[in-house]
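Peer 1: Below is one structure. I have some questions about it.
The values are calculated or read from the model by the stated rules, or taken from the named source; none is laboratory data. This is a predicted model, so every value here is computed, not measured. Here the Cβ is made from the backbone with ideal geometry for all residues, glycine too, and neighbour counts use every protein chain on show.
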Protein chains: 2
Amino acid sequence: MKRKVTLKQIAKELDVSISTVSKSLRNSLEIGEETRLKVQAFAKFYNYRPNNIALSLKNRKTKTIGIIIPEIVHHFFSTVINGIEHVANENGYSVIICLSDDSFDKEVRNMEMLANGSIDGFIMSLSKETQFKGDYHHISEVIDQGMPVVMFDRVSDEILCDKVIIDDKLAAYEAVQSLIDKGRKKIALVTTVDYVSVGKLRTDGYTKALLDNGLPFNEKLIIKIEDVDTCEIIIGKLLEDKAIDAVFAVNELFAVTSIKAANKIGLNVPKDLAVIAFTDGIISKYSTPTITTVSQSGVKMGNRAAKMLIDRLESETEQEEDENYTTEVIETHLIERESTN
Amino acid sequence: MKRKVTLKQIAKELDVSISTVSKSLRNSLEIGEETRLKVQAFAKFYNYRPNNIALSLKNRKTKTIGIIIPEIVHHFFSTVINGIEHVANENGYSVIICLSDDSFDKEVRNMEMLANGSIDGFIMSLSKETQFKGDYHHISEVIDQGMPVVMFDRVSDEILCDKVIIDDKLAAYEAVQSLIDKGRKKIALVTTVDYVSVGKLRTDGYTKALLDNGLPFNEKLIIKIEDVDTCEIIIGKLLEDKAIDAVFAVNELFAVTSIKAANKIGLNVPKDLAVIAFTDGIISKYSTPTITTVSQSGVKMGNRAAKMLIDRLESETEQEEDENYTTEVIETHLIERESTN
DNA sequence: TTTCAACACTATTACGTTTTCGTAAACCAA
DNA sequence: TTGGTTTACGAAAACGTAATAGTGTTGAAA
């Protein structure tokens, strides 16, 4: 077992100073060719690599991005990570990932943990509980200390920082409009509880589409799912009670569950019931029938978020306080599949 | 914008030495109560937190685990990460994740990057290309330097280290046996190319189950998918040509594709064709019909892997070279759903 | 002979901690 | 007064690196 070799050890072995070794390895002209080559050969032989931690301490930057997301076993979030990781990697950054499990406390703990020097900046999406509480002090604190933060998807207006989002309202509007265009008149909305920012926006889009088309807005056609496990029953009841001819679901799970519930009571999708889901994931692609979705490119979101963060990190000329924060909107589009016709 | 405060700044401000500040904050008895309380109050006011990087450098440990996996937009892998992250977090560790994209080069690059002091140990699953090449020098090198490595799922016998796996052969055997028990006689295997270790093992289990039950082994009933996009056609042809009555697929995607192919040529699942998939993921649960799977608990695997790594890290009394590596086998079980009857 | 420059290398500092060792002052006992 | 112990603190080293600011030697120009 050979431990990692350091500049000091090489210096001692070759009987020169640490500075000479350091400069030789960086091909400094200050060092004579003979010494330089000797040091390089020795370093290569012992497979010398500079210690990242020492470099981080010295340079005051870690070349590491901290990611805080609610969960990772989730198609959209893992897609975003994928997007972040690739851009980060291309630029010589690593990513360190922490999960909030949709818990406020864990989000706070994780951020504090990383903020003490471990990373150069954050990319994050708010936990449900944080959105519910509306308490963002941990984030403003970090920003206050001069650490850049980029938020994506689940963001908050109360925090001033760079953001990457999709136009949830518009996307929802277009999805519902497409249902209306196909002659659907009684469109249900299956969504989450209100405090999740994106859920709210999608509801707004849904409502607006109905009103713009002169369709009646019926509160009863909106169901807010709290517990995923029981949602099939709730949806089933909705389908039976009201004469629904289309469902707009804010995620894949609700969509596929709607289809199953419909099948159970003898409704055919898409003939009797059209279904559109938000978020294009793996379920929609492989479900039977395949599901029409609003694509929400996680990869692109991750790419953009990483780019924004890195740009800010590299431009930071140490004192300039521009703070011209931007919010990027990633375009969405409808992927038509079998669940609508 | 208030920058992070350091011991040095506090010391200067209060006109004491750095050591006094440090000791005060750790409640050392060496320091008089008055000074101690004064320092603590000051530190609290300025929200002092020790710099992680400096601590890492001093302690020669980062409290960070490096994870190298082929991809992250993948139910199984993200589940494993979830399992790792939770155990890591409970023990005060962070996780830093790198993706190999199933590329040998990227796997090597990422490992080298992290091995230079950024992390205390690795948890990894081999990339396809690495398994194909059979070149594991980057891993042995890391181990050689005294950095613990725990491998999971896609492992190699050529590397001596702790491992967490499932008994792929046995699990496959039991899955196929269950098909046979239900009267299926002509069972096809839809698998990946051979060099992926788990694919090979699952094939072995399939073969053994057939032979043990006196069923004919027919090479033609095994199809090895290289390209996911064209697999529906290939599977469709298999179903039409041979009178298959069951499919054992090594992953969910192949299983759901088989079902779609079957439906297309008028076969009913499970009546005409039974289907079992390896890996219990989200597709199987929401497909129509739902798919019987071999559960391969990623969370449990991640938990165990993290536990093994942390145990080794914390036990390392700096010199003992036990090297009593263990391989843990996570139990699997069959989750019966609609695709078999 | 002096002066200056070029060369080849070294010492030192700084990043932020913790810890070991040291020491001055105060107190006490003999 | 001497010697010893306790109290309360500080100096310095160490972790590994890179950059700035030297230092000493040689050779050549003035």
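Peer 1: Filter region B:1-36 for residues that are free of Cβ contacts under 8 Å to residues at least 12 places away in the same chain, more than 30 Å from A:Leu160 (Cβ to Cβ) and aliphatic (A, V, I, L, M) and give the result.
Peer 2: B:Ala11, B:Ile18, B:Leu29, B:Ile31 - these are the residues of region B:1-36 that are free of Cβ contacts under 8 Å to residues at least 12 places away in the same chain, more than 30 Å from A:Leu160 (Cβ to Cβ) and aliphatic (A, V, I, L, M).
Peer 1: Something else about it: Step by step: first the residues of region A:118-148, then only those that are touching a residue at least 40 places away in the same chain (Cβ under 8 Å) and among the aliphatic types (A, V, I, L, M), then the one that is farthest from the other protein chains (Cβ to nearest Cβ). Which residue is that?
Peer 2: A:Leu126
So that you can scan it fast, the table gives a plain yes or no per residue for (1) closer than 20 Å to A:Lys163 by Cβ; (2) in the same structural domain as A:Asp157 (by TED's automatic domain parsing); (3) out of contact with any helix residue (DSSP H, G or I) (no Cβ under 8 Å at 6 or more places or on another chain):
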position: A:Gln40; (1), (2), (3): no, no, no
position: A:Pro70; (1), (2), (3): yes, yes, no
position: A:Gly83; (1), (2), (3): yes, yes, no
position: A:Ile96; (1), (2), (3): no, yes, no
position: A:Gly117; (1), (2), (3): no, yes, no
position: A:Phe122; (1), (2), (3): yes, yes, no
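Peer 1: Given region B:213-302, what strands (runs of 3 or more DSSP E) lie entirely inside it while holding 2 or more residues that are more than 14 Å from chain A (Cβ to nearest Cβ) and of a type in the set (Ser, Thr, Tyr)? Give the derivation first.
Peer 2: Numbers: elements: B:222-225, B:246-249, B:274-278, B:292-295.
Filter on region B:213-302 gives B:292-295.
Peer 1: Can you tell me which residues in region A:39-49 are surrounded by fewer than 15 Cβ atoms within 10 Å (Cβ to Cβ) and within 16 Å of DNA strand C (Cβ to nearest atom)?
Peer 2: Passing the criteria: only A:Ala41.
Peer 1: A further question follows. Might you let me know whether region A:68-76 holds any residue that is touching a strand residue (DSSP E or B) at 6+ places or on another chain (Cβ under 8 Å), facing chain B (nearest Cβ under 9 Å) and touching a residue at least 60 places away in the same chain (Cβ under 8 Å)?
Peer 2: Within region A:68-76, the subset touching a strand residue (DSSP E or B) at 6+ places or on another chain (Cβ under 8 Å) is A:68-72.
Keeping just the survivors that are facing chain B (nearest Cβ under 9 Å) gives A:71-72.
When the remaining residues are screened for being touching a residue at least 60 places away in the same chain (Cβ under 8 Å), the result is none.
Looking for residues that are touching a strand residue (DSSP E or B) at 6+ places or on another chain (Cβ under 8 Å), facing chain B (nearest Cβ under 9 Å) and touching a residue at least 60 places away in the same chain (Cβ under 8 Å), one finds none in region A:68-76, hence no.
Peer 1: What about B:Arg60, is it loosely packed, with under 15 Cβ neighbours inside 10 Å and touching a Gly at 6+ places or on another chain (Cβ under 8 Å)?
Peer 2: Values: loosely packed, with under 15 Cβ neighbours inside 10 Å: yes; touching a Gly at 6+ places or on another chain (Cβ under 8 Å): no.
So B:Arg60 does not fit the description; no.
Peer 1: Only one of (1) crowded, with 24+ Cβ neighbours inside 10 Å; (2) under 17 Å from A:Ala188 (Cβ atoms) fails for A:Lys237. Which number is that?
Peer 2: Only one criterion in (1) crowded, with 24+ Cβ neighbours inside 10 Å; (2) under 17 Å from A:Ala188 (Cβ atoms) is unmet by A:Lys237, namely (1).
Peer 1: Return the only residue of B:Ile234, B:Ile276 being of a type in the set (Val, Ile, Thr) and modelled with pLDDT of 95 or more.
Peer 2: B:Ile276
Peer 1: If a residue must be assigned to a loop (DSSP other than H, G, I, E, B) and either of a type in the set (S, T, N, Q) or touching a residue at least 40 places away in the same chain (Cβ under 8 Å) (or both), how many such residues does region B:194-212 contain?
Peer 2: 2
Peer 1: In region B:161-173, is there at least one residue being closer than 28 Å to B:Leu313 by Cα and of a type in the set (Ser, Thr, Tyr)?
Peer 2: No, the conditions are met nowhere in region B:161-173.
Peer 1: Tally the residues that are crowded, with 24+ Cβ neighbours inside 10 Å and of a type in the set (S, T, N, Q), restricting the search to region A:258-278.
Peer 2: Adding up the residues that qualify gives 1.
Peer 1: Hey, another quick one. Among the listed residues A:Leu210, A:Leu215, which satisfies the condition of being touching a Phe, Trp or Tyr at 6+ places or on another chain (Cβ under 6 Å) and of a type in the set (A, V, I, L, M, F, W, C)? Show your work before the answer.
Peer 2: Numbers: A:Leu215 fails: touching a Phe, Trp or Tyr at 6+ places or on another chain (Cβ under 6 Å).
Checking each option against the conditions leaves just A:Leu210.
Peer 1: Could you say whether any residue in region B:43-55 is of a type in the set (Lys, Arg), touching a helix residue (DSSP H, G or I) at 6+ places or on another chain (Cβ under 7 Å) and not assigned by TED's automatic domain parsing to the domain that holds B:Glu112?
Peer 2: no
For every residue, the table says whether it meets (1) modelled with pLDDT under 95; (2) closer than 24 Å to A:Asp157 by Cβ; (3) touching a Pro at 6+ places or on another chain (Cβ under 9 Å); (4) basic (Lys, Arg).
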| residue | (1), (2), (3), (4) |
| --- | --- |
| A:Glu85 | no, no, no, no |
| A:Arg109 | no, no, no, yes |
| A:Phe122 | no, yes, yes, no |
| A:Ser127 | no, yes, yes, no |
| A:Gly134 | no, yes, no, no |
| A:Asp144 | yes, yes, no, no |
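Peer 1: For region A:87-105, which residues satisfy the criterion of being more than 16 Å from DNA strand D (Cβ to nearest atom) and more than 8 Å from chain B (Cβ to nearest Cβ)?
Peer 2: We begin by selecting, within region A:87-105, every residue more than 16 Å from DNA strand D (Cβ to nearest atom); these are A:87-91, A:93-105.
A:Val87, A:Ala88, A:Glu90, A:Asn91, A:Tyr93, A:Ser100, A:Asp101, A:Asp102, A:Ser103, A:Phe104, A:Asp105 - these are the residues of region A:87-105 that are more than 16 Å from DNA strand D (Cβ to nearest atom) and more than 8 Å from chain B (Cβ to nearest Cβ).
Peer 1: Next question. All but one of (1) among the small types (Gly, Ala, Ser); (2) under 30 Å from A:Phe104 (Cβ atoms); (3) free of Cβ contacts under 8 Å to residues at least 40 places away in the same chain hold for A:Ala41, so report the exception by its number.
Peer 2: Just one mismatch for A:Ala41, condition (2).
Peer 1: Here is a follow-up. Can we say A:Ser28 is near DNA strand D (Cβ under 10 Å from one of its atoms), away from chain B (no Cβ under 14 Å), farther than 19 Å from A:Leu55 by Cβ and small (Gly, Ala, Ser)?
Peer 2: So A:Ser28 does not fit the description; no.
Peer 1: Let me ask something else. Looking at region B:101-188, what strands (runs of 3 or more DSSP E) fall wholly within it and have at least 2 residues that are surrounded by fewer than 23 Cβ atoms within 10 Å (Cβ to Cβ)?
Peer 2: Values: elements: B:121-124, B:149-152, B:162-166.
By residue number, B:162-166.
Peer 1: Does B:Ile330 satisfy the criteria of being more than 18 Å from B:Ala175 (Cβ to Cβ) and either of a type outside the set (S, T, N, Q) or more than 17 Å from the chain's Cα centre (by Cα) (or both)?
Peer 2: So B:Ile330 fails the test.
Peer 1: Which one of these does A:Ala43 not meet: (1) within 11 Å of DNA strand D (Cβ to nearest atom); (2) at the interface with chain B (Cβ under 10 Å from one of its Cβ atoms)?
Peer 2: Result: A:Ala43 fails condition (2) only.
Peer 1: How many of the residues in region B:21-38 are more than 9 Å from DNA strand C (Cβ to nearest atom) and among the aliphatic types (A, V, I, L, M)?
Peer 2: Looking only at that region, the number is 3.
Peer 1: Identify all residues within region A:304-316 that are in contact with a helix residue (DSSP H, G or I) (Cβ under 9 Å, 6 or more places away or on another chain) and away from chain B (no Cβ under 14 Å); write none if there are none.
Peer 2: The answer is A:Arg304, A:Ala305, A:Lys307, A:Leu309, A:Ile310.
Peer 1: Return the residue satisfying two criteria in turn: it lies in region A:1-20 and is within 16 Å of A:Leu55 (Cα to Cα) and away from chain B (no Cβ under 14 Å), and of such residues it is nearest to DNA strand C (Cβ to nearest atom).
Peer 2: Among those residues, the one meeting the criterion is A:Ser19.
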